[in-house]
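Asks: Have a look at the structure that comes next, please.
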Amino acid sequence: MNWQIAIDGPAGSGKSTIAQAVAKELQFEHIDTGAMYRAVTLKALQLKINLENEEEFNFLEDTKIDFERQKIYLDNQDVSKAIRSLEVTNHVSLVSKYGYVRKKMVALQQFFAANKNVIMDGRDIGTVVLPHANLKIYLNANVEERARRRMKERLEQNQGNGDLETTIKEIIERDTKDSTRLISPLKKADDAIEIDSSNLSVECVVKKIMSLVFERGYKMEKELKNENVELQEETKEQKEELVEQVAPEETVETEVSVKQQVAPEEVAETEEQKEEQVALEETTETEEQKEEQVAPEETVETEAVAEDENPLEEDGDEPDITEAEEPSEEEPTKPTKYKELQIVSGTVVEVIPEQPETKVGNRVIKPKEERVLIALEDGQEGFLFKRDTAGIKEDEDLIDLFCEGDKVDVAIKKIFPDGGKFIFSTVLLNKRKELEKFGAELKRDTVFTAKVLKQIQVGLLMKYEEFSCLLPTSQVAVPEEEIATLVGKEISVAPIRVDYGRIRIIVSQVLADRINARAEKKAFMEALEVGQVYDGVVKNIEKYGAFVEIGKNVEGLLHISEIDHNRVFKVEKFLNIGDQVKVKVIKLENEHIGLSRKALIPNYWEEFTNDKTVGSFTIGKVLEINNSGVVMQLAPEVSGFLPRSEFSWERDVNLEDSIKVDEEIEVKIIEIDAAKKRIILSKKQLVENPWESLSIKVGDIVDVKVSKILPEGFIVAVQGVEGYLPKSTIRSIDPNSVELEQEIKVKVRVLDPERNKLVLSMRDAEEKIEKEIFKSTMNLQDKMSNTFGDYLKQSKNK
């Protein structure tokens, strides 16, 4: 079970500082929740989305945020410094208030806690994020002290420190907002332990929290030991039988024989720990050493040995067998203060020479190796065998290296719960010292190749040079069902912790893959230049564009405005996830890569506008007729718009009656808007405005030609313009008998050139004509009458 520590508290209480210090002490992962919201804000600013629109934060569906070695990574990039910029600081409060963002971050924080030991600080950790944390701390301080800390922090970041009174006011306002917000307000958990840090140093607060951790950790270990009581009882009988049959010295010297009869791990460890320990021992010994252990075991007794004989009685000259070394049945062995793999100092008591195999009667006494008897300061003794001695040559003996009274440092290789002497090792001591170099490597992005030896319950046991490594299951990069296939293979791993207690390295394949990915990305980014062209793959689509992978783990943003030369309203009309697309790098800004698709496709717009200017004539094809006008294709991927008002000098022209889709007509370019990529056309400006050159006036009688028959009248043409002739003004003929192209004599009733209005009347024309005819007749009659009278008068005079 992973350990979880939750630290809540108001601004300036020292949560992050304390959490980092405790995490370092415990080798836990510090999850800075505030940094997570800053990372979200940073990406939102990079994507240039509308921060006021919560819906545009859906990019979090494909955003990766992780913590490694107290650094925060955004999409596999270290942004620990970038998130502290002033721009991010000014906007993070707005971003963190959104319910969608908080929901995503809380889920991610809970995921971290479920997969690693974490210490997490914030304002709702113990109440919302980790309600079942092993330890909950509510860190507080008075407002004056918190204000001073905030001023100091700003001063260190070169942001100015302001005055104390203003800062106190800011802190109080922040406390009010945090404790009264609707979503996850600042609140002390019921089971949290409150620590007032007003007058405490960082070290003091850390010490308090560490003591609480150890206290709770001790209780958990105690409960685990209670669960093993039953197992201990079951092995008690076997141990007693072993003491009766084998002397303590023989138990110490013949490690394999002891293992054959009873394993100490059955008492001190769970089944999972036993499996791991045995496997680790197997990986630290050579085949020759194994044979040395097995061979004596095979020759302990012959078939003729009597079962009731005591070998100690036959081998009475053993110098180091004392009654004190044998565990007493009446008085149980006291718990030792030592533990296996502990480094201790001792003094050489003597070097015991090798003893060959002997026979006493029908009893075979097994051979005994050369060994060094070493005594610790408290009198505890143990043996150092040749196979556990570092730097010894094959032709050397222990007596060549050790003398009585020598001071030596050794590692405890084996402790037997039945009592007796320890088994020491300088090989393990050297390995532990060599492990220290990995402590420095943990701060670097170190990756090495190790061989997988065996799968155990907790993960994979591995070998790197002379070191044993443990790869936990949670840190394996392949699916769980495929883990077994890694046995026998060499894979890349990264050290995440040095287990000095077991002299091994805890490694991670997941971290190694991330480090390798970052290295590959870094190398790719260093070689990346504006103008380069890549065949990319669409990885994700958002409203504002598409993310295209142009290299392994390297993605750039193909903004919607860079997809096509024409305006794009929906990305999915051009691209889908998984599509291959050729793109050009047009911008490099920190880790942000700007891409363009349209830069690689012909720019028909530029080609057309370079050849055409305002006033030019061109031929266009009708693509669409709507209420506003006509959409026309002028060239491949280039369209123009012919407004209804620019179609004809006549008003209220029915476009569908005048032109058809796919028809080609000549037009004039009257406007080019490069910014909006808009071209406005005109058809009427191909000819002079006939209204300006009309030679008729109101009252004139003119001949017109019928161009269109309407329900209530006729559209007629005269001198290049169109006028309206109502049916109600037709008198001498049947209106229904009027045909197209028929010429009719009419009178001009209304003429308004500015409004393009001309109304005609056939009846008025006929009446005017009749009047003129009547007048002419009357004039003729008068003329005739005058002439006859004059004739009579002249005749009379004559």
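The values are calculated or read from the model by the stated rules, or taken from the named source; none is laboratory data. Computed from a predicted structure; not experimentally measured. We place every Cβ from the backbone using ideal geometry, glycine too, and count neighbours over all the protein chains shown. Calculation scope for accessible area: heavy atoms of the full protein, side chains included, ligands and nucleic acids excluded. Shrake-Rupley method; radii C 1.70, N 1.55, O 1.52, S 1.80 Å.
For every residue, the table says whether it meets (1) touching a Phe, Trp or Tyr at 6+ places or on another chain (Cβ under 7 Å); (2) at pLDDT 90 or above; (3) open to solvent by 60 Å² or more (accessible area, probe 1.4 Å); (4) within 30 Å of Leu435 (Cα to Cα).
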| residue | (1), (2), (3), (4) |
| --- | --- |
| Thr302 | no, no, yes, no |
| Asp315 | no, no, no, no |
| Glu325 | no, no, no, no |
| Pro332 | no, no, yes, no |
| Gln342 | no, no, no, yes |
| Lys359 | no, no, yes, no |
| Leu373 | yes, yes, no, yes |
| Leu376 | no, yes, no, yes |
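Asks: Restricting attention to segment 416-431, report how many residues are modelled with pLDDT of 90 or more and over 48 Å from the mean Cα position of the chain (by Cα).
Replies: 3
Asks: With respect to Val537, determine if the residue is at pLDDT 90 or above, among the β-branched types (Val, Ile, Thr) and surrounded by fewer than 18 Cβ atoms within 10 Å (Cβ to Cβ). Break it down into steps so the answer makes sense when it comes.
Replies: Details: at pLDDT 90 or above: yes; among the β-branched types (Val, Ile, Thr): yes; surrounded by fewer than 18 Cβ atoms within 10 Å (Cβ to Cβ): yes.
For Val537, the condition - at pLDDT 90 or above, among the β-branched types (Val, Ile, Thr) and surrounded by fewer than 18 Cβ atoms within 10 Å (Cβ to Cβ) - is met.
So that you can scan it fast, the table gives a plain yes or no per residue for (1) farther than 26 Å from Arg567 by Cβ; (2) of a type in the set (Asp, Glu); (3) touching a Pro at 6+ places or on another chain (Cβ under 6 Å):
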site	(1), (2), (3)
Gly640	no, no, no
Arg651	yes, no, no
Asn654	yes, no, no
Ile670	no, no, no
Asp700	yes, yes, no
Lys705	yes, no, no
Lys708	yes, no, no
Asp734	yes, yes, no
Leu740	yes, no, no
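Asks: Which numbered condition in (1) crowded, with 16+ Cβ neighbours inside 10 Å; (2) over 30 Å from Pro753 (Cα atoms); (3) not charged (D, E, K, R) is the only one that Gln580 fails?
Replies: The single condition Gln580 does not satisfy is (1).
Asks: Quick check on my filter: what residues within segment 624-643 are within 15 Å of Glu663 (Cα to Cα) and open to solvent by 80 Å² or more (accessible area, probe 1.4 Å)?
Replies: Glu624
Asks: Here's something else I'd like to know. Condition first: closer than 17 Å to Ile625 by Cα, part of a strand (DSSP E or B) and either open to solvent by 50 Å² or more (accessible area, probe 1.4 Å) or of a type in the set (Phe, Trp, Tyr) (or both). Now tell me which residues in segment 644-677 satisfy that.
Replies: Glu664, Glu666
Asks: Please indicate, with yes or no, whether at least one residue in segment 107-118 is touching a helix residue (DSSP H, G or I) at 6+ places or on another chain (Cβ under 7 Å), over 23 Å from Ala44 (Cβ atoms) and in a strand (DSSP E or B).
Replies: Yes: segment 107-118 contains one or more residues that are touching a helix residue (DSSP H, G or I) at 6+ places or on another chain (Cβ under 7 Å), over 23 Å from Ala44 (Cβ atoms) and in a strand (DSSP E or B).
Asks: Can you tell me how many residues in segment 1-22 are surrounded by 21 or more Cβ atoms within 10 Å (Cβ to Cβ) and assigned to a helix (DSSP H, G or I)?
Replies: The qualifying residues number 4.
Asks: Okay, next question. Here are Ala517, Ala494: which of them is on the phi < 0 side of the Ramachandran plot, surrounded by 14 or more Cβ atoms within 10 Å (Cβ to Cβ) and assigned to a helix (DSSP H, G or I)? Please lay out each step first, then the result.
Replies: Details: Ala494 fails: assigned to a helix (DSSP H, G or I).
The match here is Ala517.
Asks: I've got another one for you. Buried (at least 21 other Cβ atoms within 10 Å of the Cβ) and of a type in the set (S, T, N, Q): does that describe Gln457?
Replies: Working: buried (at least 21 other Cβ atoms within 10 Å of the Cβ): no; of a type in the set (S, T, N, Q): yes.
The answer is no for Gln457.
Asks: Now for a separate question. List the pairs whose first member sits in segment 595-606 and is open to solvent by 50 Å² or more (accessible area, probe 1.4 Å), whose second member is modelled with pLDDT of 90 or more and part of a loop (DSSP other than H, G, I, E, B), and whose Cβ atoms are under 7 Å apart, counting only residues at least 6 apart or on separate chains?
Replies: The qualifying pairs are Arg597/Ile563.
Asks: Moving to a separate point now. Within segment 437-491, take every residue that is part of a loop (DSSP other than H, G, I, E, B) and charged (D, E, K, R) and give me the one that is farthest from the chain's Cα centre (by Cα). Give the steps one after another, and end with the answer.
Replies: From segment 437-491, those part of a loop (DSSP other than H, G, I, E, B) are 442-447, 457-458, 465-466, 476-479, 487-489; that's our starting set.
Restricting the remaining residues to those that are charged (D, E, K, R) gives 443-445, 465-466, 489.
Details: Lys443: 23, Arg444: 22, Asp445: 20, Glu465: 35, Glu466: 37, Lys489: 30 Å.
Step by step, filter segment 437-491, then rank; the result is Glu466.
Asks: If you scan segment 692-736, which residues turn out to be in a strand (DSSP E or B), farther than 11 Å from Leu760 by Cα and touching a helix residue (DSSP H, G or I) at 6+ places or on another chain (Cβ under 6 Å)?
Replies: Once the filter is applied, which keeps residues that are in a strand (DSSP E or B), farther than 11 Å from Leu760 by Cα and touching a helix residue (DSSP H, G or I) at 6+ places or on another chain (Cβ under 6 Å), segment 692-736 yields only Val721.
Asks: Further, regarding this structure: Could you please give the count of residues in segment 103-116 that are open to solvent by 30 Å² or more (accessible area, probe 1.4 Å) and modelled with pLDDT of 85 or more? Don't jump to the end; show me each part of the working.
Replies: Taking segment 103-116 first, the residues open to solvent by 30 Å² or more (accessible area, probe 1.4 Å) are 103-104, 107-108, 110-111, 114-116.
Still in the running and modelled with pLDDT of 85 or more: 103-104, 107-108, 110-111.
Summing the residues that are open to solvent by 30 Å² or more (accessible area, probe 1.4 Å) and modelled with pLDDT of 85 or more in segment 103-116 gives 6.
Asks: From Glu688, Glu766, Glu739, which residue is in contact with a strand residue (DSSP E or B) (Cβ under 9 Å, 6 or more places away or on another chain), part of a loop (DSSP other than H, G, I, E, B) and either surrounded by 14 or more Cβ atoms within 10 Å (Cβ to Cβ) or at pLDDT below 90 (or both)?
Replies: Values: Glu688 fails: in contact with a strand residue (DSSP E or B) (Cβ under 9 Å, 6 or more places away or on another chain); Glu766 fails: part of a loop (DSSP other than H, G, I, E, B).
Exactly one residue qualifies, and that residue is Glu739.
Asks: Looking at segment 607-624, can you tell me whether even one residue there is more than 30 Å from Asn76 (Cβ to Cβ), at pLDDT below 90 and among the acidic types (Asp, Glu)? Explain how you work it out, then say what you get.
Replies: Here is the first cut: in segment 607-624, the residues more than 30 Å from Asn76 (Cβ to Cβ) are 607-624.
This time we only want the ones that are at pLDDT below 90, so: 607-613.
Next, from what is left, pick out any that are among the acidic types (Asp, Glu): 607, 611.
Yes.
Asks: Right, next: Considering only segment 563-577, how many residues are open to solvent by less than 50 Å² (accessible area, probe 1.4 Å) and either in contact (Cβ under 8 Å) with a residue 40 or more places away in the chain or under 24 Å from Glu526 (Cβ atoms) (or both)? Before the answer, list the steps.
Replies: So the first thing to find is which residues in segment 563-577 are open to solvent by less than 50 Å² (accessible area, probe 1.4 Å), and the list is 563-565, 568, 571, 575.
Okay, now just the ones that are also either in contact (Cβ under 8 Å) with a residue 40 or more places away in the chain or under 24 Å from Glu526 (Cβ atoms) (or both), so 565.
Number of matching residues: 1.
Asks: For segment 551-561, check the following and say yes or no: at least one residue is farther than 23 Å from Leu42 by Cα and either open to solvent by 50 Å² or more (accessible area, probe 1.4 Å) or at pLDDT 90 or above (or both). Give the steps one after another, and end with the answer.
Replies: First, pick out the residues of segment 551-561 that are farther than 23 Å from Leu42 by Cα: none.
Checked segment 551-561: no residue is farther than 23 Å from Leu42 by Cα and either open to solvent by 50 Å² or more (accessible area, probe 1.4 Å) or at pLDDT 90 or above (or both).
Asks: While we're looking at this one, here's another question. Collect the residues in segment 436-455 that are more than 14 Å from Ala512 (Cβ to Cβ) and modelled with pLDDT of 90 or more, keeping them in residue-number order.
Replies: Selection gives Lys451, Leu453, Lys454, Gln455.
Asks: State whether one or more residues within segment 721-731 are under 26 Å from Ile659 (Cβ atoms), open to solvent by 70 Å² or more (accessible area, probe 1.4 Å) and in contact with a strand residue (DSSP E or B) (Cβ under 8 Å, 6 or more places away or on another chain). Reasoning before the result, please.
Replies: Step one: list which residues in segment 721-731 are under 26 Å from Ile659 (Cβ atoms), which gives 721-725.
Applying the additional criterion that residues be open to solvent by 70 Å² or more (accessible area, probe 1.4 Å) yields 722, 724.
Filter once more, so that each one left must be in contact with a strand residue (DSSP E or B) (Cβ under 8 Å, 6 or more places away or on another chain): 722, 724.
Yes: one or more hits.
Asks: Evaluate segment 162-178: report whether one residue or more is modelled with pLDDT of 50 or more and outside any helix (DSSP H, G or I). Before the answer, list the steps.
Replies: Going through segment 162-178, the residues modelled with pLDDT of 50 or more turn out to be 162-178.
Narrowing the set further to residues that are outside any helix (DSSP H, G or I) leaves 162-163.
Looking for residues that are modelled with pLDDT of 50 or more and outside any helix (DSSP H, G or I), one finds at least one in segment 162-178, hence yes.
Asks: Exactly one condition in (1) closer than 17 Å to Lys677 by Cβ; (2) without any contact (Cβ under 8 Å) to a residue 40 or more places away in the chain; (3) exposed (fewer than 13 other Cβ atoms within 10 Å of the Cβ) is not met by Val614; state its number.
Replies: (2)
Asks: If only one of Lys437, Lys407, Lys413, Lys433 is free of Cβ contacts under 8 Å to residues at least 60 places away in the same chain, open to solvent by 20 Å² or more (accessible area, probe 1.4 Å) and within 18 Å of Val344 (Cβ to Cβ), which one is it?
Replies: Lys433
Asks: Condition check: touching a Lys or Arg at 6+ places or on another chain (Cβ under 8 Å) and among the β-branched types (Val, Ile, Thr). Does Ile83 satisfy that? Step through it out loud before you land on a result.
Replies: Numbers: touching a Lys or Arg at 6+ places or on another chain (Cβ under 8 Å): yes; among the β-branched types (Val, Ile, Thr): yes.
Judged against the criteria, Ile83 is a match.
Asks: Still on this structure: Would a scan of segment 40-56 turn up a residue that is open to solvent by less than 20 Å² (accessible area, probe 1.4 Å), among the β-branched types (Val, Ile, Thr) and part of a helix (DSSP H, G or I)?
Replies: yes
Asks: Moving on. For segment 65-102, how many residues are open to solvent by 40 Å² or more (accessible area, probe 1.4 Å) and among the acidic types (Asp, Glu)?
Replies: Number satisfying all stated conditions: 3.
Asks: Go over the candidates Ile586, Ile577 one by one and state the one that is among the β-branched types (Val, Ile, Thr) and assigned to a strand (DSSP E or B).
Replies: Working: Ile577 fails: assigned to a strand (DSSP E or B).
The match here is Ile586.
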